[in-house]
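Notes follow the structure.
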2 protein chains.
Amino acid sequence: MSLRNQIRKGSTEILILTLLADQPMYGYLISQELDRRSGGYFEMKEGLLYPTLHRMEKEGLLRSEWQKTDSARRRKYYNITSQGREMLATQSADWQLFIRKLQEMLSDTDGLGAAQTAE
Amino acid sequence: MSLRNQIRKGSTEILILTLLADQPMYGYLISQELDRRSGGYFEMKEGLLYPTLHRMEKEGLLRSEWQKTDSARRRKYYNITSQGREMLATQSADWQLFIRKLQEMLSDTDGLGAAQTAE
DNA sequence: GCTAATACATAATTTAGTGATGTATAACAG
DNA sequence: CTGTTATACATCACTAAATTATGTATTAGC
């Protein structure tokens, strides 16, 4: 996968990997934590979250297990795999580079002054 | 459009707006300049570039005019509109916020230590 | 004269993300 | 104890960003 393809995936994967790198979590908790930790900025809809978790497990980045407690509401806990940790490191580096490159482009004026603005 | 929707669009629009804020350019030159200024990092395929330029013109962010010189190869020059400049300012702010929020999430460890890694 | 670069464009396909809906259990308020 | 809200999982139809492939035409260079 190319650098830009990973960026194209947006922040979804890296956010999930980041949360799970700290501790195992189930889907609903992931969405709550994302919302809480980002002050409401990162919300992840269920229609994106669950299919993404399934895909990431299929790719070997995560591993899931149903909670075995009997009385509680069923919860599928996701653990990050070593492959997932590698991916997190890769994607973090990719994002850092992307951010640096974008900042460079945004701040890069060629000194010719602004072009005329069409109406 | 929500903040995250703009981010979801990727860097395509903001890169085009940034280049055109300096000077009018035609499509082919935009792709060359992106490549050159980013040291090969940002390449924009024709299948993305041209439809995006058309869409942005339709949305009023750009205005195009065919070059009137007779001997030269035909070139469609794009100028940024005042609406385009507003959009550039908006999207720059959106990206700065997104980057800050993402950095916060990536650096935010809860002090509990890493979770076990599943194999 | 042939090939590569310039310069535009569209069409088919893939896939990230949205919005809607469905199921089931637990907690809570009236 | 009954209706509503929150928890917790999931899938489906749709939208649209990006890739890949293809097409047309002109100009430059070997």
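Condition first: modelled with pLDDT of 95 or more, within 22 Å of A:L106 (Cβ to Cβ) and open to solvent by less than 50 Å² (accessible area, probe 1.4 Å). Now tell me which residues in the stretch B:61-91 satisfy that.
B:L61, B:L62, B:Y78, B:N79, B:I80, B:T81, B:S82, B:G84, B:M87, B:L88
Report, by residue number, each residue of the stretch B:22-72 that is assigned to a strand (DSSP E or B) and of a type in the set (D, E).
If we filter the stretch B:22-72 for residues that are assigned to a strand (DSSP E or B), which is where we start, we get B:25-26, B:62-66.
The answer is B:E65, and nothing else.
Under the condition of being within 10 Å of DNA strand C (Cβ to nearest atom) and surrounded by 11 or more Cβ atoms within 10 Å (Cβ to Cβ), which residue from the stretch B:36-51 is nearest to the other protein chains (Cβ to nearest Cβ)?
Restricting attention to the stretch B:36-51, the residues satisfying the condition of being within 10 Å of DNA strand C (Cβ to nearest atom) are B:45-51.
Adding the requirement that they be surrounded by 11 or more Cβ atoms within 10 Å (Cβ to Cβ) leaves B:48-50.
On the way: B:L48: 11, B:L49: 14, B:Y50: 18 Å.
The selected residue is B:L48.
Failed condition for B:S92, given (1) more than 9 Å from chain A (Cβ to nearest Cβ); (2) at negative phi, with all others met?
(1)
In the stretch A:52-82, which residues are within 12 Å of DNA strand C (Cβ to nearest atom), of a type outside the set (A, V, I, L, M) and under 24 Å from B:K101 (Cα atoms)?
Residue satisfying the conditions is A:T52 alone.
Considering only the stretch B:10-32, I want to know if a residue exists there that is open to solvent by 60 Å² or more (accessible area, probe 1.4 Å), within 10 Å of DNA strand D (Cβ to nearest atom) and modelled with pLDDT under 95.
Taking every residue of the stretch B:10-32 in turn, none turns out to be open to solvent by 60 Å² or more (accessible area, probe 1.4 Å), within 10 Å of DNA strand D (Cβ to nearest atom) and modelled with pLDDT under 95.
The values are calculated or read from the model by the stated rules, or taken from the named source; none is laboratory data. Just so you know, these numbers come straight off a predicted model, no measurement behind them. Methodologically, a virtual Cβ is constructed for each residue, glycine included, from the backbone with ideal geometry; neighbour enumeration extends over all protein chains shown. Keep in mind that these areas ignore ligands, DNA and RNA; they rest on the heavy atoms of the full protein, side chains included. Shrake-Rupley method; radii C 1.70, N 1.55, O 1.52, S 1.80 Å.
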